[in-house]
Structure formats: C-alpha cells, structure tokens
Amino acid sequence: MGFKKNWDVETVYNHINAAAAEVCSRYNDGYTAFFSKQDLYQIYWHLDNILRECPKFSGEEEWLREQEKKRIIKYLKT
C-alpha cells in the first residue's frame, strides 16, 4: 500500500506568501488588502480545526517542542 503526496509544502507557502504580500503592499488600499487578510484568517482557522481533529502520534510532542525552539531562536536572532 503506497502513499502519494498530492501537495507540495513549498507551493502552499508560496500561495500564502503571495496573499501576505497583497495584504502588506503599500499599493493596495485597506479595503482591498483586508480581503486578502480575511483569506489568510480563513486558512488559519481551517488549518487549526483540521489539526485539532487529527490523531496524536508518537514523537509528535517532542517534534513540536523542537520546532518551537527553532522558531524562538530564529526570532531572537532578528
């Protein structure tokens, strides 16, 4: 039984970053930018709901802690 991954994380990131660029663009008015920000909120909420419904896996908590440490270190370096 095989598993075929039908998505690419980099592509998902690119789409989200494109929406974020529209939100932050000084060439867009607040009305237009807000629609893109609403899209980002909808993605955020949808992903949050999906992750809450997913089962927990062995090693998941450790992996999450490690990712959080990496995010903190990256934040502190800026």
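The values are calculated or read from the model by the stated rules, or taken from the named source; none is laboratory data. Computed from a predicted structure; not experimentally measured. Positions of Cβ are backbone-derived with ideal geometry, glycine not excepted, and every protein chain shown enters the neighbour counts.
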Margin query: Any residue that is surrounded by 10 or more Cβ atoms within 10 Å (Cβ to Cβ), in a loop (DSSP other than H, G, I, E, B) and without any contact (Cβ under 8 Å) to a residue 60 or more places away in the chain - is there at least one of those in the stretch 34-46?
Written below: no
Next item on the list: Have a look at Arg52, Arg26 and point out the one that is in a helix (DSSP H, G or I), charged (D, E, K, R) and on the phi < 0 side of the Ramachandran plot.
Entry: Arg52
Notebook entry, point to check: Pairs under 6 Å by beta carbon, first residue within 16 Å of Tyr41 (Cα to Cα) in the stretch 1-30, partner aliphatic (A, V, I, L, M) and surrounded by 10 or more Cβ atoms within 10 Å (Cβ to Cβ), six or more apart or different chains?
Noted result: Ala19/Leu40; Val23/Ala33
Item checked: Checking Asp29 against (1) under 17 Å from the mean Cα position of the chain (by Cα); (2) modelled with pLDDT under 95, the condition it does not meet -> (1)
Item checked: Flag for Lys74 being surrounded by 10 or more Cβ atoms within 10 Å (Cβ to Cβ), among the basic types (Lys, Arg), out of contact with any Cys (no Cβ under 9 Å at 6 or more places or on another chain) and part of a helix (DSSP H, G or I) -> no
